[in-house]
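This report concerns only the one structure given below.
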Amino acid sequence: MQDHRIARERPPGATNLASLSEARYFTSDLKMLPGVHLPLRSMLVTSGSDTLLVSPVGTGDELSAVGAREVTLVAPSLLHSKHIGTARAALTTTSLWGPRGFAEKHPELGPVNTFDVDPWPHAATLPYVVIGGVPLRNEVVFFHRATRTIYTADLVFNIRESAGLLSPLAFRVMGIHQRFAIARMWKLWIKDHAAFKRSIEAVLAWDFDRIAMAHGEILEMNARDRLIGALRERDLL
C-alpha cells in the first residue's frame, strides 16, 4: 500500500473547518474469490480535531497514519466490513458508523451508529447520501468538500490493472474491465428505482470534480460528467 494525500490550498483568511480538511487514501488487495482480486481503497479524513476512517484496508501505513488520534470508523456499505474489526481493535475508536442493517449483520463489532437514523456530527466536513432502493448494499456515498471529491464503495469501478488469474474474466462479466463503469449487477440490485434516482440526483447536486472509489484508480477530472455517462450506459439515469 500506497498513501495518496490530497489537500487543496486554503483561501486567504478562511477559517471554516471544512476548508482545513485533508483527505488521505490507502490501498490494499482484496481476494474476492480464488483467482479474483480487487484493489481496495480507504479514505482518511482529518479536520480540526476530527479524524474519520472510511472503509479501512488494514495496512500498517493506514494504522500509522491514524496513530494515537481518536478516530471515527465508517463502513460505507453492508459489504465493506472486512477490516473494521482490525481497525477497531488497533485504534482508539470514538464511534462506528454504518448503514441500516449493518449492526444486525455484525453484532460482534459492538455498538453501531446508523446513517439516516442517528445525527451525523461531521456534515460540515463530510456530508453523505445513502443510495436508496438497494437494500442488499445500502451504500453510503461521501463528499469531501475541501477537495471536491466524492468517495464511493461500489457504485463505480475504475480498475485499470488487475491482479489474479481470473480477474480479467470476472471484470469483463461485470462490465468493468479496464474502464470506469458501473457494474452490470446494479440493475438487478435496485429494488426501488424512484428511491435510487432521488439519491443519485442528490449526489449529482454536489460540486465535485473527482471520484475516489474503493475499487480502482481515482478519477481526477470530469468526474460528474463521467458518472452521468456511466449511469446512462446502464439505463440508471
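Taking the range 52-85 as the region of interest, how many residues are out of contact with any Gly (no Cβ under 6 Å at 6 or more places or on another chain) and under 23 Å from Asn138 (Cα atoms)?
As a first pass, look at the range 52-85 and keep what is out of contact with any Gly (no Cβ under 6 Å at 6 or more places or on another chain): 52-74, 76-77, 79-82, 84-85.
Keeping just the survivors that are under 23 Å from Asn138 (Cα atoms) gives 52-58, 71-74, 76-77, 79-82, 84-85.
Residues in the range 52-85 being out of contact with any Gly (no Cβ under 6 Å at 6 or more places or on another chain) and under 23 Å from Asn138 (Cα atoms): 19 in total.
Applying the criterion of being more than 15 Å from Arg137 (Cα to Cα) and among the hydroxyl-bearing types (Ser, Thr, Tyr) to the residues of the range 86-122, the residue that is farthest from the chain's Cα centre (by Cα) is Thr92. When you look at Ile200, is it over 26 Å from Leu52 (Cβ atoms) and either charged (D, E, K, R) or outside any strand (DSSP E or B) (or both), yes or no? No: the conditions fail for Ile200. Screening the range 187-236 for residues that are at positive phi and not polar (S, T, N, Q) and picking the one that is nearest to the chain's Cα centre (by Cα) gives Gly216.
Considering each residue of the range 153-175 in turn, at least one proves to be surrounded by 19 or more Cβ atoms within 10 Å (Cβ to Cβ) and charged (D, E, K, R). Residues that are under 16 Å from Gly98 (Cβ atoms) and out of contact with any helix residue (DSSP H, G or I) (no Cβ under 9 Å at 6 or more places or on another chain) were ranked within the range 116-138; the one that is surrounded by the most Cβ atoms within 10 Å (Cβ to Cβ) is Tyr128.
Pairs linking a residue in the range 53-74 that is more than 20 Å from Ala123 (Cα to Cα) to a residue that is among the acidic types (Asp, Glu) and assigned to a strand (DSSP E or B), with Cβ atoms under 6 Å and 6 or more positions apart or on different chains, are Asp61/Asp3.
Quick one: how many residues across the range 48-84 are within 19 Å of Asp154 (Cα to Cα), part of a strand (DSSP E or B) and among the β-branched types (Val, Ile, Thr)? The number of residues fulfilling the criteria is 2.
Under the condition of being surrounded by 22 or more Cβ atoms within 10 Å (Cβ to Cβ) and farther than 21 Å from Leu20 by Cβ, the residues counted in the range 44-63 number 4.
For Leu227, the stated conditions do not hold, so it cannot be described as of a type in the set (A, V, I, L, M), in a loop (DSSP other than H, G, I, E, B) and surrounded by 15 or more Cβ atoms within 10 Å (Cβ to Cβ). Of the conditions (1) surrounded by 20 or more Cβ atoms within 10 Å (Cβ to Cβ); (2) in contact with a strand residue (DSSP E or B) (Cβ under 6 Å, 6 or more places away or on another chain); (3) β-branched (Val, Ile, Thr), Val66 satisfies every one except a single condition; which number is it? All conditions pass for Val66, except number (2). The criterion of being more than 21 Å from Asp50 (Cβ to Cβ), surrounded by 18 or more Cβ atoms within 10 Å (Cβ to Cβ) and modelled with pLDDT of 95 or more holds for Ile190.
Would you be able to say whether some residue in the range 203-215 is at pLDDT 95 or above, in a helix (DSSP H, G or I) and surrounded by 16 or more Cβ atoms within 10 Å (Cβ to Cβ)? Step through it out loud before you land on a result.
Looking only at the range 203-215, we keep the residues that are at pLDDT 95 or above, and these are 203-215.
After this cut, where a residue has to be in a helix (DSSP H, G or I) as well, the list is 203-204.
Still in the running and surrounded by 16 or more Cβ atoms within 10 Å (Cβ to Cβ): 203.
Scanning the range 203-215 turns up at least one residue that is at pLDDT 95 or above, in a helix (DSSP H, G or I) and surrounded by 16 or more Cβ atoms within 10 Å (Cβ to Cβ).
Among the residues of the range 209-226, those identified as in contact (Cβ under 8 Å) with a residue 24 or more places away in the chain and in contact with a Leu (Cβ under 7 Å, 6 or more places away or on another chain) are Arg210, Ile211, Ala214, His215, Arg226.
The values are calculated or read from the model by the stated rules, or taken from the named source; none is laboratory data. Predicted, not measured: the structure shown is a model, and the values here were computed from it. Positions of Cβ are backbone-derived with ideal geometry, glycine not excepted, and every protein chain shown enters the neighbour counts.
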